[in-house]
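Before any comments, here is the structure.
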Amino acid sequence: MTKSPGQQKGSLLSSMLLLILFAGGILVFADFLLQPDRFPVSRISFIGEFRHVEKSALQEKMAPYIGNNFFAIDLQKLEAALRDIDWVSDVSVSRRWPDTLQISVKEQSLIAAWDKTGWVTSDATIVEIPGLKMPGLPRWSGPEGTQVLVQLRFQQFSSLLADVGIQLRQLSYSQRGAWQILASNYLRNEQISIRLGRRDMQDRLYRFARAYGQTLGELQQRLISVDLRYPNGFAVKWNIIEEAAPVKTG
C-alpha cells in the first residue's frame with residue numbers, strides 16, 4: 001500500500017527530527033565529557049629505558065597537563081613537545097582510563113665517538129658527554145656538520161672490508177676532503193692504517209680488499225699501513241710476524 005503525499009512528508013519530518021535529536025544528544029554528551037572540571041588527569045606513567053633522558057625533564061613538560069580533562073588533551077601537540085627534550089628519539093602518548101596518560105619514550109642511541117670528546121647519536125646529532133667511555137664504538141672525525149656523510153662512508157667502507165675479515169675502527173675526513181681509515185684484523189693481530197685520498201675511494205678500497213683476500217691476508221707479515229692514492233696500485237708497509245718458539249716436552 002502506497003503512502004499518500006501527506007504521509008510521506010510526515011515520515012520525512014519524523015526522520016529529520018530523530019536525526020536532529022540524535023545529533024543534539026551527541027553534542028550534549030561530548031560537551032559533558034569535555035568539561036574542564038570533569039575527568040581530570042591525575043597520573044602519568046612512563047615506559048622505556050632511561051639511560052640519558054631525564055625523567056625530570058619529561059615530568060616538567062607534563063606538569064601543565066595534570067588536572068586537565070582526560071578527553072580534551074591534544075596528544076599530538078603533547079608528543080611534539082616531548083620530542084624536543086634532549087636524547088628523545090621518539091615518543092607516543094596514550095590515554096589509560098580513567099585518569100592516566102602513558103608516555104612511551106624511545107631514546108636516541110650512541111653509534112660512534114666523534115673527534116676527541118663528542119658522540120654521534122642514532123639521528124646523526126653530535127652531543128657532548130663529559131667522562132663517558134664506550135671503547136666498543138667506532139671513532140669518527142671530520143669538519144663541522146659532516147657527520148651524516150661520515151656515517152654513510154663508514155657504512156660503505158665497512159661493508160667492503162668485512163668481506164675479508166677486516167673491521168673498520170676509525171674513519172677520518174679531513175678539511176681538504178681526504179679520507180683515512182684505521183682498521184683491524186683481530187685473527188692476525190693486525191692494525192692497519194689505510195689512506196684513501198679524496199676521490200674514487202670505494203674503487204680503491206675494493207681493489208685493496210680483493211688483494212687482501214687473495215694474497216696479502218695470507219702472508220707471514222702484518223700490514224701496518226696502506227696508501228691507496230696511486231692510480232694503478234698501492235703501497236704497503238709491513239711488520240714481520242714473529243712465530244712462537246716451540247715448546248719443549250719431556
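Residues are listed down the side, and each one gets a yes or a no for (1) touching a Cys at 6+ places or on another chain (Cβ under 8 Å); (2) β-branched (Val, Ile, Thr); (3) surrounded by 12 or more Cβ atoms within 10 Å (Cβ to Cβ); (4) modelled with pLDDT of 90 or more:
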position: LEU182; (1), (2), (3), (4): no, no, yes, yes
position: ILE194; (1), (2), (3), (4): no, yes, yes, yes
position: GLY197; (1), (2), (3), (4): no, no, yes, yes
position: ARG204; (1), (2), (3), (4): no, no, yes, yes
position: ARG210; (1), (2), (3), (4): no, no, yes, yes
position: ASP227; (1), (2), (3), (4): no, no, yes, yes
position: VAL236; (1), (2), (3), (4): no, yes, yes, yes
position: ILE240; (1), (2), (3), (4): no, yes, no, no
position: LYS248; (1), (2), (3), (4): no, no, no, no
Discussion item. Tell me whether the range 86-96 contains one or more residues that are in the same structural domain as ALA57 (by TED's automatic domain parsing), surrounded by 14 or more Cβ atoms within 10 Å (Cβ to Cβ) and among the aromatic types (Phe, Trp, Tyr).
Written reply: yes
Discussion item. Against the definition (assigned to a helix (DSSP H, G or I), among the aliphatic types (A, V, I, L, M) and farther than 17 Å from GLN202 by Cα), how does VAL148 come out, yes or no?
Written reply: yes
Discussion item. With the requirement that a residue be part of a strand (DSSP E or B) and either modelled with pLDDT of 90 or more or within 12 Å of PHE50 (Cβ to Cβ) (or both), what does the range 81-94 give you?
Written reply: VAL88, ASP90, VAL91, SER92, VAL93, SER94
Worksheet item: Taking the range 97-108 as the search range and keeping residues that are modelled with pLDDT of 90 or more and not aliphatic (A, V, I, L, M), which one is surrounded by the most Cβ atoms within 10 Å (Cβ to Cβ)?
Response: GLU107
Worksheet entry | Close pairs (9 angstrom Cβ cut-off, 6 or more residues apart or separate chains): within 14 Å of SER174 (Cβ to Cβ) and in the same structural domain as ARG229 (by TED's automatic domain parsing) in the range 186-201, polar (S, T, N, Q) and in a loop (DSSP other than H, G, I, E, B) anywhere | ARG198/SER174
Worksheet item: Yes or no: ASP115 out of contact with any Asp or Glu (no Cβ under 9 Å at 6 or more places or on another chain), assigned by TED's automatic domain parsing to the domain that holds PHE71 and among the acidic types (Asp, Glu)?
Response: no
Item to complete: Could you please give the count of residues in the range 118-140 that are within 13 Å of GLN170 (Cα to Cα) and in contact with an Asp or Glu (Cβ under 9 Å, 6 or more places away or on another chain)?
Response: 2
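The values are calculated or read from the model by the stated rules, or taken from the named source; none is laboratory data. The model shown is predicted, which means the values in this text are computed figures rather than measured ones. Glycine also receives a Cβ, built like all others from the backbone with ideal geometry; neighbour counts cover every protein chain displayed.
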